[in-house]
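Here the structure is laid out as structure tokens; the discussion comes afterwards.
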Amino acid sequence: MASDFLPGFARHRIETEPGVTINARSAGSGPPVLLLHGHPQTLSTWLHVAPRLAEHRSVVAMDLRGYGDSSKPPGGERHANYAKRAMAADAVAVMRALGHDRFAVVGHDRGGRVAHRLALDHPRAVERIALFDIAPTATMYARTDKAFATRYFWWFFFIQPHPLPETLIGADPEYFLRHHVEGQSKTPGSTPPELFAEYLRCYADPACRHAICEDYRAAAGIDLEHDAADSEARVRAPLLALWGAKGTVGQTYDVLETWREKATDVSGRALDCGHTLQEERPDAVFSELAAFLG
């Protein structure tokens, strides 16, 4: 049974297209903001940030398709059902179902990549966008070297044809998940046992592990094609980029410069942590978001 890390948040099951139902939570009133998690997290990753934001805003957190308690549809031809375009369409549908046509969006990791595509495909819906510990997907693939491929090996492991990665991870999902979470975080104890257990509950599902691989397969294929088609497009909404000074992204890229190649109004800074900012430095994340969102 799922633990409740967002007590007081209403529960929603929202059908975004035939066969796809998104798990979401909401609380608060005021200007709306959507929170999108990354891999291997779920919406529960926002446990320290979402309640504080909800004191002044309408907050919605959702499990991306394939993750958490959202639907895990087949990948489809060329993994298109896990394209960030499809995930972004889910986000818009969820927010509209909850009465929000225009909103701010905050995305960590995979959720940040969904947020980037959301801002490109649905510019009228996005008021502001905050991205945590990512550089643009196309940039990261284009600039891949041995150091990056070694530290982010799952980018190249997950995209191998089914069922190779699914089978190997399935031999010991807990070991793989723990290695991943502990390797990405640079703040011991920031993912407590009960939160890790929630992530493992989802990761133990073979359908979830397959969906995660499909997410990455889409990122290495159809997502890059969408990005290439929009190579001249720029995000017009104000964009806040935050990253971990101790993480791979912060140590590999000039993060602000990579986003200035993709957006017209970019600000941000590094935080003293690793990859999972909202768990490692929730007070700093809340302060940055409060100032950025207004």
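Sequence gap at least 6, Cα distance under 8 Å: using those rules, report the relative contact order of the range 155-294 to the nearest whole percent.
Normalised by residue count, the contact order of the range 155-294 is 26 percent.
Please work out the average accessible area per residue across the chain, using the 1.4 Å probe convention, and give it in Å².
Per-residue accessible area for the chain comes out at 39 Å².
Taking the simple approach of a point 7 Å from Cα along Cα-to-Cβ for both Arg124 and Asp172, what is their distance in nm?
5.3 nm
Considering the Cα trace of the range 172-294, what is its radius of gyration and what is Dmax, both in angstroms?
16.8, 44
Quickly rank 207-215, 51-59 as a protection proxy: mean count of other C-beta atoms within 10 Å, highest first.
207-215, 51-59
Quick one: compute the contact order of the chain, relative version, from alpha carbon pairs under 8 angstrom and 6+ residues apart, as a percent.
20 percent
Which value in Å is the Kirkwood Rh of the range 165-228 over different Cα pairs?
One decimal place: 13.1 Å for the Kirkwood radius.
Report, largest value first, the span of the C-alpha coordinates of the range 83-218 along each principal axis, in whole Å.
Largest to smallest, the principal-axis extents are 44, 36, 32 Å.
Dividing the convex hull volume of the alpha carbon atoms of the range 225-267 by its residue count, what do you get in Å³ per residue?
Given the Cα convex hull of the range 225-267, per-residue volume reads 79 Å³.
Quick one: with all protein chains in place, what share of the accessible area of the chain is carbon or sulfur, to the nearest percent (1.4 Å probe)?
52 percent
Report the semi-axes of the equivalent ellipsoid for the range 249-290 in whole Å, largest first, where each axis is √(5λ) for an eigenvalue λ of the Cα gyration tensor.
They are 20, 14, 6 Å, listed largest first.
Read through the labelled values (i) 0.90; (ii) 0.99; (iii) 1.69 and report the label of the one computed as Cα Rg over 2.2 N^0.38 Å from the structure.
Correct label is (i).
Considering amide H positions built from the backbone, and no H for Pro or chain starts, which residues 5 or more places from Ser70, or on another chain, come under 5 Å of its amide H?
For Ser70, the qualifying residues are Asn23.
Pull up all non-local amide H partners of Glu15: gap of 5 or more, or a different chain, and H-to-H distance under 5 Å with H placed in the peptide plane.
Those lying under 5 Å, H to H, from Glu15 are Ile22.
Kindly rank 89-95, 120-126, 186-192 from highest to lowest mean number of other beta carbons found within 10 Å of each residue.
Ranking the peptides 89-95, 120-126, 186-192 by packing returns 89-95, 120-126, 186-192.
Specify the inter-centroid distance of the range 48-91 and the range 255-285, based on alpha-carbon positions, in whole Å.
Here the answer is 20 Å between Cα centres.
Can you return the lysines within cross-link range of Lys72? Criterion is Cα-Cα under 16 Å, with same-chain partners fewer than 8 residues away left out.
Within the straight-line cut-off, Lys72 pairs with Lys84.
Determine ³J(HN,Hα), in whole Hz, for all residues of the range 156-169 in sequence, where each value follows from phi through the Karplus function 6.51 cos²θ - 1.76 cosθ + 1.60 and θ = phi - 60°; x replaces Gly and Pro.
Calculated HN-Hα couplings, in order: 9, 7, 4, 7, 5, x, 4, x, 4, x, 4, 5, 5, 5 Hz.
The values are calculated or read from the model by the stated rules, or taken from the named source; none is laboratory data. Remember, predicted model here, so these are calculated numbers, not experimental data. Positions of Cβ are generated from backbone atoms using ideal geometry, with glycine treated the same way; all protein chains shown enter the neighbour counts. Heavy atoms of the whole protein, side chains included, go into the accessibility calculation; ligands, DNA and RNA do not. Shrake-Rupley method; radii C 1.70, N 1.55, O 1.52, S 1.80 Å.
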